[in-house]
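**Student:** Below you will find the structure I want to go over with you.
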Amino acid sequence: SVSDNCHAFYVGNDEGEDLCNKAKRLYESMENTLGQLFLFDQSEKGAKAIEKATSKYMTIKRPEKDFLKGIMTELRAATYTDRSAKITERATTLFEKPVDITVFTDYPQFVETPMDLETVDRKIEAGSYVTPEDFEYDIALIFKNCERYNG
C-alpha cells in the first residue's frame with residue numbers, strides 16, 4: 001500500500017512521520033471508496049454495467065473524400081492582404097507545394113516531417129486518412145513546420 005511504502009522509505013526518519021500519517025489516512029479513505037467500487041463490480045448491477053461498457057465498440061467513420069476536399073477548398077479560399085503593399089493573395093500560396101530544399105538547404109535541420117497541401121491532396125485521393133484526426137494532424141503539421149522553421 002501507499003502507507004506501507006511511505007513507512008518503509010522513511011523508517012527511522014522523524015521528519016517522515018507526519019508524511020506517513022497523511023499517507024495512511026489517504027490510503028484508509030481510498031480503501032473505503034475503492035472497496036465500495038469493488039463491491040459494485042461484484043454485484044449483478046455492476047456486472048451488467050461492465051458488460052454493457054465492454055460489449056459495444058465505438059467506431060469512428062473514415063472521413064469521406066468529398067468532405068475533406070471541401071475543407072481544402074475552404075482553406076484555399078482564405079486570403080491575406082499585405083497592409084504595406086496593399087496586395088491581396090491566397091493565404092495558402094506558400095503551403096501548396098513541398099519546401100524546395102535546394103533553396104532552403106537548412107530546412108531538414110528544423111523540420112523532421114515535411115507537409116504541404118499538395119501532399120494532403122494526394123493522401124485524400126489515396127484514402128490515407130483513416131480518421132478525421134489524421135487529416136487534422138497533417139493540416140496542423142503544415143503550420144507547425146512553418147513556425148518551427150521561421151520561428
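**Student:** Considering only residues of the range 50-70 that are in a loop (DSSP other than H, G, I, E, B) and without any contact (Cβ under 8 Å) to a residue 24 or more places away in the chain, which is farthest from V120 (Cα to Cα)?
**Tutor:** Applying the filter and picking the extreme gives K56.
**Student:** Against the definition (in contact (Cβ under 8 Å) with a residue 24 or more places away in the chain and either closer than 30 Å to G151 by Cα or open to solvent by 60 Å² or more (accessible area, probe 1.4 Å) (or both)), how does F110 come out, yes or no?
**Tutor:** Yes; evaluated as a whole, the condition is true for this residue.
**Student:** Which residues, counting only those in the range 71-82, are open to solvent by 90 Å² or more (accessible area, probe 1.4 Å) and either small (G, A, S) or assigned to a helix (DSSP H, G or I) (or both)?
**Tutor:** Answer for the range 71-82, where residues must be open to solvent by 90 Å² or more (accessible area, probe 1.4 Å) and either small (G, A, S) or assigned to a helix (DSSP H, G or I) (or both): T73, E74.
**Student:** I'd like to check which helices (runs of 4 or more DSSP H) are fully inside the range 83-151 and have at least 1 residues that are modelled with pLDDT of 95 or more and over 24 Å from the mean Cα position of the chain (by Cα).
**Tutor:** 107-110, 117-126
The values are calculated or read from the model by the stated rules, or taken from the named source; none is laboratory data. Worth saying up front: this structure is predicted, and the values here are computed from it rather than measured. Reconstructed Cβ throughout: ideal geometry from the backbone, glycine too, with neighbour counts over all protein chains shown. The accessibility values were calculated without ligands, DNA or RNA, using every heavy atom of the protein model including side chains. Shrake-Rupley method; radii C 1.70, N 1.55, O 1.52, S 1.80 Å.
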